[in-house]
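*Asks:* I'd like to ask you about the structure that follows.
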Amino acid sequence: MSSKKTDLDKIVNAIRSKNSIEYFRLDNKNQFRKDNLYDQLKELSNKEVILNYINDSNGNLRIYSFRILCEKYPELCYETILKNLHNYTSFRISNGCVTDSMYTTDLWIYLVSYDGWQCDYKLDLKQQHELNTNVIKDKTNKLYYRYVALNNIEITDANYNFIKSLVINEKNGIALYQLAKYKKPKDLKIIASFYKKRDYLNCYLKAVEEFPDVSFYPYLIKIVAQERKKHILYQESNWDVILFALAKYPIPQTTSLFQDLINEKSNEYNREICLSILQAIMNNPNPIFDSIKSQIPASEDELFEIQINIQSHNN
């Protein structure tokens, strides 16, 4: 017994000291890299030990323990998540040379909620709905999953007042473009009020894309003018989301604006902007844009990347 505890302590200490937890993507699923520490912890731990480690202050150990819980004691997963919705223990997760920090509870939820993560246990529909409702309605919750759940909220009459209250009371940017999906004229002023709010530009533009009312078009023109004056890396710009929104206005003025951007050869990011225009047109095809599309040849690799970007943008 003493030897087993000593071995377990060594395994736990090694897990605690890891710089990050590694994963990779295979067959459209995120999978954890094979790890002897995981297998050893699973073999030496019983239910009591795993539940104890799940409440540990070390993020790595919490992730390892929850994965084992999913395998050996899946009936305890849901209640464990509910008990930890306000636990903000973090850990580092890496894929190749890219490393991010995230909350352990966020990853627990992803594991049991989405097919995109390799995990045999998944929440049932009732549990998923209950979890999403609890997280969305708790304005004190700091999990990133709250934004994920809100991004996937059903656009129904029953949810309209709640979504609108998040926009008005919380200034919630994701709720803003969810509200825009209702396309209610009475909400135009609320959406327009976010045009000048700092840090809300992307959410405002996505709202305009969802509800491309003519009253928003002058604001779009101003945003384009502001973006053209910036001297920043293309990756740090807002061109993609701006052009997605503009393509929702298939009018001669938009075609002329696209043409001006194509002709602006002095811009060092002209090629990137042209591809973003093509991407926006492909996402919202209209014959009025055919002359613009014909001016932007793209390789197979570029077209593949555009399709991936469009899919990601619309999810």
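*Asks:* May I ask you to list the chymotrypsin sites (Phe, Trp or Tyr not before Pro) in region 82-132 that are in a DSSP loop and have at most 10 other Cβ atoms within 10 Å of their Cβ?
*Replies:* Loop-located and lightly packed - none at all.
*Asks:* What net charge is computed for the residues neighbouring TYR38, neighbours being all others with C-beta under 15 Å from the C-beta of TYR38, Lys and Arg scored +1, Asp and Glu -1?
*Replies:* Taking every other residue near TYR38 into account, the sum is +2.
*Asks:* Right, another one. Rounded to the nearest whole Å², what accessible area per residue is found for region 15-66 with the 1.4 Å probe?
*Replies:* Using a 1.4 Å probe on heavy atoms only, each residue of region 15-66 averages 56 Å².
*Asks:* Using 14 Å as the cut-off for backbone N distance, which residues of region 291-315 belong to the label zone defined by a point 7 Å from the Cα of ASN28 along Cα→Cβ?
*Replies:* Only 308, 311-312 pass the distance filter.
*Asks:* Considering only region 24-137, what is the antiparallel percent among its DSSP beta bridges, to the nearest 5?
*Replies:* Roughly 90 percent of the beta bridges in region 24-137 run antiparallel, per DSSP.
*Asks:* Something else about it: Hey, what's region 169-315 come to in accessible area per residue, 1.4 Å probe, Å²?
*Replies:* Heavy-atom accessible area per residue stands at 54 Å².
*Asks:* Roughly what % of DSSP beta bridges within the chain run antiparallel, to the nearest 5?
*Replies:* So the antiparallel bridges amount to about 75 percent of the total.
*Asks:* Output needed for region 169-296: three equivalent-ellipsoid semi-axes, defined as square roots of 5 times the C-alpha gyration tensor eigenvalues, in descending order, whole Å.
*Replies:* 25, 17, 11
*Asks:* I need two numbers for region 1-68: Rg to one decimal and Dmax as a whole number, Cα atoms only, in Å.
*Replies:* 12.5, 43
*Asks:* If you don't mind, there's one more thing I want to ask. Using a Gaussian network model of the chain with C-alpha springs under 10 Å, which one of ASP27, ASP199, ASP124 is most mobile by mean-square fluctuation?
*Replies:* Sorting by GNM fluctuation, first place goes to ASP27.
*Asks:* Hey, another quick one. What value in Å³ per residue do you get for the convex hull of the alpha-carbon atoms in region 31-180?
*Replies:* Each residue corresponds to 123 Å³ of Cα convex hull volume.
*Asks:* With each run of n ≥ 4 DSSP H residues scored as -39500 (n - 2.57), what mean residue ellipticity at 222 nm is computed for the chain after dividing by its residue count and rounding to the nearest 500 deg cm²/dmol?
*Replies:* Taking each H run of at least 4 residues, the total per residue is -17000 deg cm²/dmol.
*Asks:* Among (i) 68, 22, 17; (ii) 45, 24, 16; (iii) 48, 27, 17, only one was calculated for this model; which label is it, if the read-out is semi-axes √(5λ) of the Cα gyration tensor in Å?
*Replies:* Given (i) 68, 22, 17; (ii) 45, 24, 16; (iii) 48, 27, 17, the structure-derived one carries the label (ii).
*Asks:* Per-residue HN-Hα couplings for region 23-39, Karplus 6.51 cos²θ - 1.76 cosθ + 1.60 at θ = phi - 60°, whole Hz, x for Gly and Pro?
*Replies:* Those phi angles translate into 9, 9, 10, 8, 6, 6, 10, 7, 10, 7, 5, 4, 9, 4, 4, 5, 4 Hz.
*Asks:* Once Rh is set to the Kirkwood radius over Cα pairs, what Stokes-Einstein translational diffusion coefficient, in µm²/s, holds for region 65-139 at a temperature of 25 °C and a viscosity of 0.890 mPa s?
*Replies:* Translational D for this selection: 186 µm²/s.
*Asks:* Roll a 1.4 angstrom probe over the protein heavy atoms and tell me the percent of accessible area of the chain that is carbon or sulfur.
*Replies:* Answer for the chain: carbon and sulfur cover 49 percent of the accessible area.
*Asks:* Taking +1 at the Cβ of each Lys and Arg and -1 at the Cβ of each Asp and Glu, which of LEU41, TYR88, ILE292 sits farthest along the dipole of the chain towards its positive end, judged by Cα position relative to the Cα centre?
*Replies:* Going by the charge dipole, the pick is TYR88.
*Asks:* Would you kindly calculate the translational diffusion coefficient of region 219-259, applying Stokes-Einstein with the Kirkwood radius from alpha carbon pairs, for 25 °C and a viscosity of 0.890 mPa s, and quote it in µm² s⁻¹ without decimals?
*Replies:* In µm²/s, the coefficient is 227.
*Asks:* Can you list the trypsin sites (Lys or Arg not before Pro) in region 232-315 that are in a DSSP coil and have 13 or fewer other beta carbons within 10 angstrom?
*Replies:* LYS265
*Asks:* How large is ³J(HN,Hα) for each residue in region 168-175, as worked out from phi by the Karplus curve 6.51 cos²θ - 1.76 cosθ + 1.60 (θ = phi - 60°), to whole Hz, x for Gly and Pro?
*Replies:* 6, 8, 9, 6, 7, x, 5, 4
*Asks:* Using only Cα atoms, find the angle between the long axis of helix 252-263 and the longest principal axis of the chain, and express it within 0 to 90 degrees, rounded to the nearest 10.
*Replies:* For 252-263 against the chain, the angle is about 70 degrees.
*Asks:* Any of LYS184/LYS230; LYS83/LYS183; LYS230/LYS265; LYS18/LYS126; LYS34/LYS142 with alpha carbons more than 27 Å apart? Name them for me.
*Replies:* Too far apart for the 27 Å limit: LYS184/LYS230; LYS83/LYS183; LYS18/LYS126; LYS34/LYS142.
*Asks:* Which far-off residues, 5 or more places away or on another chain, put their amide H under 5 Å from the one on ILE21, with H placed in the peptide plane?
*Replies:* Those qualifying (amide H under 5 Å, at least 5 residues apart or on another chain) are ARG92, ILE93, SER94.
*Asks:* Please state the charge dipole magnitude for region 190-280, taken about the Cα centre, from unit charges on C-beta atoms (+1 on K and R, -1 on D and E), reported in debye and rounded to the nearest 20.
*Replies:* So the dipole magnitude of region 190-280 works out to roughly 260 debye.
*Asks:* Now a separate question. Among LEU220, LEU205, LEU125, which one shows the highest mean-square fluctuation when the chain is modelled as a Gaussian network with alpha-carbon springs under 10 Å?
*Replies:* LEU125
*Asks:* For the pair LYS189 and ASN267, how long in nm is the line joining their label points, each one 7 Å along Cα→Cβ?
*Replies:* 3.5 nm
*Asks:* Follow-up. What's the longest bit of the chain with no exposed GluC sites (Glu not before Pro), using DSSP loop states and at most 11 other Cβ atoms within 10 Å as the test?
*Replies:* 1-153
The values are calculated or read from the model by the stated rules, or taken from the named source; none is laboratory data. Because the structure is predicted, anything quoted here is derived from the model rather than measured. Virtual Cβ from ideal backbone geometry, glycine too; neighbours counted across all protein chains shown. Only protein heavy atoms, including side chains, enter the accessible area calculation; ligands, DNA and RNA are left aside. Shrake-Rupley method; radii C 1.70, N 1.55, O 1.52, S 1.80 Å.
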